[in-house]
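Chemist: The structure that follows is given in the form of structure tokens.
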Amino acid sequence: MSDSELEEIKKRKVKKLMEKKVQKVIVYSTPACPYCDLAKRYLREKGVEYIDYNVAADQEKAKEMYMKSGQLGVPVLDINGTIIVGFNKAAIDKALRLSE
């Protein structure tokens, strides 16, 4: 492979990385929730950064969660505006576009 071909491959890889969508992931959880822990562990295993709000301690975030989901149960995940109630790997993967 020539130097120019290698350079073109590098440029395509860089372009692809630059185009990659930045994920905005919020997890609404409580400390005593085992499904919350599973959801957060799953996101970490996938290398997904997220913001975790403890809705047991933060009533404003609890209200925000309810306004987004209509639910009081946790976990609630907000992945780029897609709301997922409960720990659902398939729904998480779909929202993160990992299953494509």
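Chemist: Once amide H atoms are built 1.01 Å from N in the peptide plane, which residues 5 or more positions from VAL76, or in another chain, come under 5 Å H to H?
Modeler: Answer set, sorted by chain and number: TYR28, GLY86.
Chemist: Still on this model: Could you derive backbone 3J(HN,Hα) for region 50-57 from the dihedral phi with the Karplus parameters 6.51, -1.76 and 1.60 (θ = phi - 60°), listing whole Hz in sequence and x where the residue is Gly or Pro?
Modeler: With the stated coefficients, region 50-57 comes to 8, 9, 10, 10, 7, 6, 6, 9 Hz.
Chemist: Give me SER4, SER69, SER29 ranked fewest to most by other Cβ atoms within 10 Å of their Cβ, as a rough exposure proxy.
Modeler: With the fewest neighbours first, SER4, SER69, SER29 line up as SER4, SER69, SER29.
Chemist: Taking springs between alpha-carbon atoms closer than 10 angstrom, which of ASP78, ASP37, ASP58 fluctuates most in the Gaussian network model of the chain?
Modeler: It is ASP58.
Chemist: What FRET efficiency would be calculated for the residue pair GLU8, ASP93, taking the C-beta separation as r and a Förster radius of 22 Å, to the nearest 0.05?
Modeler: So, using R0 = 22 Å, E works out to roughly 0.10.
Chemist: Residue farthest toward the positive end of the dipole of the chain, with Cβ of Lys/Arg at +1 and Asp/Glu at -1: which of ALA95, LEU77, MET1?
Modeler: Highest projection toward the positive end goes to MET1.
Chemist: State the antiparallel share, in %, of DSSP beta bridges confined to region 21-96, rounding to the nearest 5.
Modeler: So the antiparallel bridges amount to about 65 percent of the total.
Chemist: While we're on this one: GluC sites (Glu not before Pro), restricted to region 23-82: which are DSSP loop and have at most 13 other Cβ atoms within 10 Å?
Modeler: Qualifying residues, ordered by number: GLU49.
Chemist: For the pairs LYS63/LYS94; LYS61/LYS89; LYS11/LYS40; LYS68/LYS89, flag any whose C-alpha to C-alpha distance is greater than 29 Å. Walk me through the intermediate numbers first.
Modeler: Working: LYS63/LYS94 26 Å; LYS61/LYS89 23 Å; LYS11/LYS40 34 Å; LYS68/LYS89 20 Å.
Too far apart for the 29 Å limit: LYS11/LYS40.
Chemist: If you work out Cα extents along the principal axes in Å from the coordinates, which of (i) 34, 29, 25; (ii) 59, 22, 21; (iii) 48, 36, 21 do you get?
Modeler: Label of the calculated value: (ii).
Chemist: Right, next: What 222 nm value per residue comes from the helices of the chain, counting each DSSP H run with n ≥ 4 as -39,500 (n - 2.57) and dividing by all residues, nearest 500 deg cm²/dmol?
Modeler: Calculated mean residue ellipticity at 222 nm is -15000 deg cm²/dmol.
Since every read-out is calculated from the coordinates, none of them should be taken as a lab result. Only a predicted model underlies this, so the values are computations on that prediction, with no experimental measurement involved. As a convention, Cβ positions derive from the backbone with ideal geometry for all residues, glycine included, and neighbour counts pool all protein chains shown.
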